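To keep things clear, I will list the structure first and then write my remarks on it.
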Amino acid sequence: MQHTYYYRKFVKYVFLFIFIALGAWIFRGHKQPIAVPRDFAAIKASGVLRVAVEYNKLNFYVDSTGLAGFNYEIVKAFARDMKLRVDIRPVMSETERLEALRKDTIDLLACNLPSTIQMKDSLLLSSPIMLNKQVLIQRKRGIGKAPYIKSQLDLARKTINVPQNSPAILRIQNLSNEIGDTIYIKEIKQYSSEQLMYMVEHGDIDYAVCDENIAKQYAPHLPHIDMQMAISFTQFYSWGMSKHSPQLLRQFNGWIEQFKKTAEYKHICRKYVENLNLKQK
């Protein structure tokens, strides 16, 4: 039984790495032409909305029926109502996603970004898509040699692993100031927060941070993981757009506020979010 368990985990790792490599290859292919800033009029003229997404078990993934996910269905509905074809580009790296937005090789980041002042300084943030918070990922009490973190004060002099340029970095730095001691941050370039969860599960690292809604999706597959301790308060999460795209921002914000009132939106929430007992705005 134990051999079967680890074999399944190995297969999941292999599948995930292949998907990421394929997404990176596709994305590099799109980066060849010199991009120019595009706002909604230019997007409409082209007929294509270029969207970067992060692969995870909540917002964008592949199942037996094809592509699925909370963010995927919302962006697909937006493109449909705007009479646009959607060009989905899976990009796992936070650094690459933000760089693509700065270089205008994508139009929209359909990834959940905390609505912080720092985020608003570098890009345009949409109206809130959902409420969420960041949680500590560690092994359950008694599993492994790493100290079990019972409170935020226990994080003093501990190292937390996060994806490179993760929005969680600022929160951890603020938390370090709040507890009056150093929390070390190790940025991992090649892995997403979901992959870091698997590394905690298998004892490769001791601590990581993940959005609670994502962590809940993976929890059934990671029996050794504890995610009970919050790192941040519950806050609004939005999508991101280039500073060059104020018209796109207005168009999307007007649309999402109306879309939230529809039966289609309520169905998407029930399908992906409400089973996790997550609050929606």
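Structure notes:
- The residue of the stretch 223-254 that is farthest from residue 203 (Cα to Cα), among those that are surrounded by fewer than 17 Cβ atoms within 10 Å (Cβ to Cβ) and touching a helix residue (DSSP H, G or I) at 6+ places or on another chain (Cβ under 6 Å), is 247.
- In this structure, residue 39 qualifies as open to solvent by 10 Å² or more (accessible area, probe 1.4 Å), over 24 Å from residue 213 (Cβ atoms) and modelled with pLDDT of 95 or more.
- The set of residues in the stretch 199-222 that are closer than 23 Å to residue 157 by Cα and either open to solvent by 20 Å² or more (accessible area, probe 1.4 Å) or under 19 Å from the mean Cα position of the chain (by Cα) (or both) comprises 199, 200, 202, 203, 204, 205, 206, 207, 208, 209, 210, 211.
- Any hit, the stretch 107-117, residues being open to solvent by 60 Å² or more (accessible area, probe 1.4 Å), in a helix (DSSP H, G or I) and out of contact with any Cys (no Cβ under 6 Å at 6 or more places or on another chain): yes
- Residue in the stretch 10-19 that is modelled with pLDDT of 50 or more, under 19 Å from residue 107 (Cα atoms) and of a type in the set (A, V, I, L, M, F, W, C) present: no
- Every condition in (1) at pLDDT 90 or above; (2) surrounded by 15 or more Cβ atoms within 10 Å (Cβ to Cβ) holds for residue 165 except the one numbered (1).
- Residues that are in contact with a strand residue (DSSP E or B) (Cβ under 6 Å, 6 or more places away or on another chain), among the basic types (Lys, Arg) and open to solvent by 20 Å² or more (accessible area, probe 1.4 Å) occur in the stretch 80-91; there is at least one.
The values are calculated or read from the model by the stated rules, or taken from the named source; none is laboratory data. In this text, all values refer to a predicted model and were calculated from it rather than measured experimentally. Glycine gets a Cβ as well: all are built from the backbone with ideal geometry, and neighbour counts include every protein chain shown. What goes into the accessible areas is simple: the full protein's heavy atoms, side chains included, and nothing from ligands, DNA or RNA. Shrake-Rupley method; radii C 1.70, N 1.55, O 1.52, S 1.80 Å.
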